[in-house]
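S.K.: Below you will find the structure I want to go over with you.
The values are calculated or read from the model by the stated rules, or taken from the named source; none is laboratory data. Quick caveat: nothing in here was measured; it's all calculated off a predicted structure. Cβ atoms come from the backbone with ideal geometry, glycine included; neighbour counts cover every protein chain shown.
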C-alpha cells in the first residue's frame, strides 16, 4: 500500500466513525426527496390559502420546478452542510498535532493534502449522487417527463462548485490552522465572488454562476457557454487552491 | 559511528536567541540525555532535528544525511515521540500501527508482526478500545510503539515521562532502556533521576548553549567532590571515633603513626561528613579505627555527586 492509499484509508475511516458520512448522506437524501415534494405542494398550499375575494391561480407545476428546487437546495443548504462538516479538514489535524507522527513516518505533505481532498471529494460525490437519485426518482414518479437538454453540464456545475469549496477549506485550514479560519476563508471567498458578480459581464468567469443556476440549462433557457466558461474557471481555481495548499503546507510546517 | 551530529545550531524567535550555537554528537546505540530547565530550548532543538522547524544557522546530519526543513524525519530515519503524542481518537491501536506501517512503506506482513511485538512491549497488546478513550500514559506508550515501528536509526523522545504517574514513568523508562541495542535514543527531560536511570551520555542545555556534556562517569569523575560520610549509632560512638584527633585536625589513631588529614568536616548529630584529599587512604584509615575501637557505623560511604549536583553546578 502506498502512503497515499494508507492515508485515504484513514480519512475514510474517520468520516465513517465520526458519523460525518452518515450525517451528510442523510442531509443530501432529504434534500433530494424534498425538492419534488415542495415543487408539487407549494402551488396547492398557496392556492388553498383562500383569501376572500382573491383568486390565485398557479400554473400546474412541472418537473422543471422540481429541478429548480433541487439546484437551489443543493447549492445552498447542501454546500453549507458540506462546508460545516468539513470545516476542520486540515485545521483539526494542525491544531491538535496529529500529523506530526504521520509526517515523521515519511508521507509527503502533498500526499496528505491530496488524499484529504480525494476522500472529501468522493464523499461529496456520493452524497450528491444520492441526492440526485432521490430527486430523479421522485420527479419521474410525480411527473414522468424530464427535460434532458445539456443535463450533464447542468448537473456537473453544482458538483464542481462543491469541489471548489473543499479546496478553499483546505487552503484556509493550512493558512490559519483553525476551523474558524477555514470557514472564514470560504465566507470571504463567497462574499468576494458575490461582489464580483455586480460587475457587468462578470458572470462569464465568476464561479458563483455555476453554484445554483445551471437548472436553466435543462430547458434550454440559457446557452451552455454561459456555464461552460465559469465552470472552467471554477475547476482551474480548485486546482490553484490545491497547489497553493501544498506549497503553503511545505513552507509552514506542521 | 555517530548517528546524530549537530554543528553550531542557531535559532531565534524574534529578538530572543533560544539556541546559540550548540553542537552535539550522539554515538550509535546510546541513550543520550538532553537536559535543561523548562524553556531552555530542548523542544526547539528536537523539532529542528526532526525538520519540523526552520533553523537559523548551523548544520544537522543524521546518519550522515543533512536534515532539511519540511522533509520531516528524513523519510523514516528518525522516529519522534512528542511530549504529548496526538493520535486519531477514532482508531484502535493496531489500526493506527498498520496505517503508520503502510505510510513507511513496510510490507504488510512485517507490519503486523512488528506491531504485535511492539504493542506487547508497551503493554497494549490486547487493547481493543479506541485511542480516544486512552489515558495519557497509554497514549505515551502507544507513542513509543509507533515511533519504533519502522525501526528508525534515531528515536527522539521529548520529555516522555514528564506527565506520567510513577508506574507509567518506570514502564516508559524501562522500554527506552531495553531498546538501546536496536536504536539510538535522544531523550530530553528535566527530571534528573530519569537521566541517571537510563542515559549513557548527557548534555546540559543552558542559556542556549551546551553547559556541560559527556558520559555520566566522565561528568562524575570530573566533578567528584572527595567526601566521605559516616553515620554512627550514638553520639558516644562518634566521640569515641573522634578521640585520637589532634588539634591540627588530622585523623590519627593512637596506634598508628600515619594520620589522614581532612580539609573540612561537617558535624551533624551522629553524622560526620569529611572532605578529604585522598579518598582511598582516608577510607582505609577510617575502617581501621572502626575495627580497633569496635565501633559499628550505621553508614559509611564515599559521596558520589548526584545528577542534581552536577546539573546545578553546570547552570550556576
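S.K.: From the list B:116, B:130, B:169, B:182, which residue is over 30 Å from residue A:111 (Cβ atoms) and either within 11 Å of chain A (Cβ to nearest Cβ) or surrounded by fewer than 23 Cβ atoms within 10 Å (Cβ to Cβ) (or both)?
M.R.: Sole residue among the options that is over 30 Å from residue A:111 (Cβ atoms) and either within 11 Å of chain A (Cβ to nearest Cβ) or surrounded by fewer than 23 Cβ atoms within 10 Å (Cβ to Cβ) (or both): B:169.
S.K.: Here's something else I'd like to know. Just to be sure I understand, how many residues within the stretch A:16-47 are under 17 Å from residue A:128 (Cβ atoms) and within 14 Å of chain B (Cβ to nearest Cβ)?
M.R.: Number satisfying all stated conditions: 3.
S.K.: If you check A:170, A:107, which single one turns out to be touching a helix residue (DSSP H, G or I) at 6+ places or on another chain (Cβ under 8 Å) and more than 14 Å from every other protein chain (Cβ to nearest Cβ)?
M.R.: Every option except A:170 fails the conditions.
S.K.: Quick one: count up the residues across the stretch B:154-165 that are more than 13 Å from chain A (Cβ to nearest Cβ), on the phi < 0 side of the Ramachandran plot and crowded, with 18+ Cβ neighbours inside 10 Å.
M.R.: The number of residues fulfilling the criteria is 3.
S.K.: Of the residues in the stretch B:54-66, how many are closer than 21 Å to residue B:146 by Cβ and surrounded by fewer than 23 Cβ atoms within 10 Å (Cβ to Cβ)?
M.R.: Qualifying residue count, the stretch B:54-66: 1.
S.K.: In the stretch A:225-237, is there at least one residue being within 15 Å of residue A:67 (Cβ to Cβ), loosely packed, with under 15 Cβ neighbours inside 10 Å and in contact (Cβ under 8 Å) with a residue 24 or more places away in the chain?
M.R.: No, the stretch A:225-237 contains no residue that is within 15 Å of residue A:67 (Cβ to Cβ), loosely packed, with under 15 Cβ neighbours inside 10 Å and in contact (Cβ under 8 Å) with a residue 24 or more places away in the chain.
S.K.: Of these, B:58, B:39, B:51, B:14, which one is free of Cβ contacts under 8 Å to residues at least 12 places away in the same chain and either closer than 16 Å to residue B:211 by Cβ or in contact with a helix residue (DSSP H, G or I) (Cβ under 9 Å, 6 or more places away or on another chain) (or both)? Step through it out loud before you land on a result.
M.R.: Values: B:58 fails: free of Cβ contacts under 8 Å to residues at least 12 places away in the same chain; B:51 fails: free of Cβ contacts under 8 Å to residues at least 12 places away in the same chain; B:14 fails: either closer than 16 Å to residue B:211 by Cβ or in contact with a helix residue (DSSP H, G or I) (Cβ under 9 Å, 6 or more places away or on another chain) (or both).
Criteria check complete, one pass: B:39.
S.K.: With the condition kept exactly as written, say whether any residue in the stretch A:2-15 is within 22 Å of the chain's Cα centre (by Cα), away from chain B (no Cβ under 14 Å) and either under 27 Å from residue B:105 (Cα atoms) or modelled with pLDDT under 95 (or both).
M.R.: No, because not a single residue in the stretch A:2-15 is within 22 Å of the chain's Cα centre (by Cα), away from chain B (no Cβ under 14 Å) and either under 27 Å from residue B:105 (Cα atoms) or modelled with pLDDT under 95 (or both).
S.K.: Follow-up question, since we're still on this one. Checking residue B:29 against (1) at pLDDT 90 or above; (2) over 26 Å from residue B:312 (Cα atoms); (3) within 22 Å of the chain's Cα centre (by Cα): exactly one of these is not met. Which one?
M.R.: Answer for residue B:29: the failing condition is (1).
S.K.: Given the conditions (1) within 11 Å of chain A (Cβ to nearest Cβ); (2) out of contact with any helix residue (DSSP H, G or I) (no Cβ under 7 Å at 6 or more places or on another chain); (3) crowded, with 21+ Cβ neighbours inside 10 Å, and given that residue B:101 satisfies all but one, which numbered condition is not satisfied?
M.R.: So residue B:101 meets the others, but not (2).
S.K.: Would it be correct to say that residue A:190 is modelled with pLDDT of 85 or more, crowded, with 18+ Cβ neighbours inside 10 Å and under 18 Å from the mean Cα position of the chain (by Cα)?
M.R.: Taking the combined requirement at face value, the residue does not satisfy it.
S.K.: Can you find even one residue in the stretch B:135-142 that is surrounded by fewer than 21 Cβ atoms within 10 Å (Cβ to Cβ), part of a loop (DSSP other than H, G, I, E, B) and away from chain A (no Cβ under 12 Å)?
M.R.: yes
S.K.: Conditions first: (1) in a helix (DSSP H, G or I); (2) more than 22 Å from the chain's Cα centre (by Cα); (3) more than 11 Å from chain A (Cβ to nearest Cβ). Residue B:95 passes all but one, so which condition is the exception?
M.R.: The single condition residue B:95 does not satisfy is (3).
S.K.: Is it the case that some residue within the stretch A:119-127 is within 14 Å of another protein chain (Cβ to nearest Cβ), under 14 Å from residue A:7 (Cα atoms) and not in a helix (DSSP H, G or I)?
M.R.: Scanning the stretch A:119-127, I find no residue that is within 14 Å of another protein chain (Cβ to nearest Cβ), under 14 Å from residue A:7 (Cα atoms) and not in a helix (DSSP H, G or I), so the answer is no.
S.K.: Separate question: Restricting attention to helices (runs of 4 or more DSSP H) lying wholly within the stretch A:171-254, give those where 1 or more residues are within 26 Å of residue A:62 (Cβ to Cβ) and out of contact with any strand residue (DSSP E or B) (no Cβ under 9 Å at 6 or more places or on another chain).
M.R.: Qualifying helices (runs of 4 or more DSSP H): A:208-212, A:225-252.
S.K.: How many of the residues in the stretch B:98-138 are under 19 Å from residue A:14 (Cα atoms) and either under 31 Å from the mean Cα position of the chain (by Cα) or modelled with pLDDT of 90 or more (or both)?
M.R.: Matching residues across the stretch B:98-138 total 12.
S.K.: In this structure, is residue A:50 within 14 Å of another protein chain (Cβ to nearest Cβ), modelled with pLDDT under 90, over 27 Å from residue A:139 (Cα atoms) and surrounded by fewer than 20 Cβ atoms within 10 Å (Cβ to Cβ)?
M.R.: no
S.K.: Keeping to the stretch B:277-302, report how many residues are farther than 13 Å from residue B:230 by Cα and assigned to a strand (DSSP E or B).
M.R.: The number of residues fulfilling the criteria is 0.
S.K.: I've got another one for you. Residues in the stretch B:78-91: is at least one under 27 Å from residue A:98 (Cβ atoms), within 12 Å of chain A (Cβ to nearest Cβ), in a helix (DSSP H, G or I) and at pLDDT below 90? I'd like the intermediate steps shown before the answer.
M.R.: As a first pass, look at the stretch B:78-91 and keep what is under 27 Å from residue A:98 (Cβ atoms): B:78-91.
Next cut, within 12 Å of chain A (Cβ to nearest Cβ) only: B:78-91.
Now narrow it down to the ones that are in a helix (DSSP H, G or I): none.
Scanning the stretch B:78-91, I find no residue that is under 27 Å from residue A:98 (Cβ atoms), within 12 Å of chain A (Cβ to nearest Cβ), in a helix (DSSP H, G or I) and at pLDDT below 90, so the answer is no.
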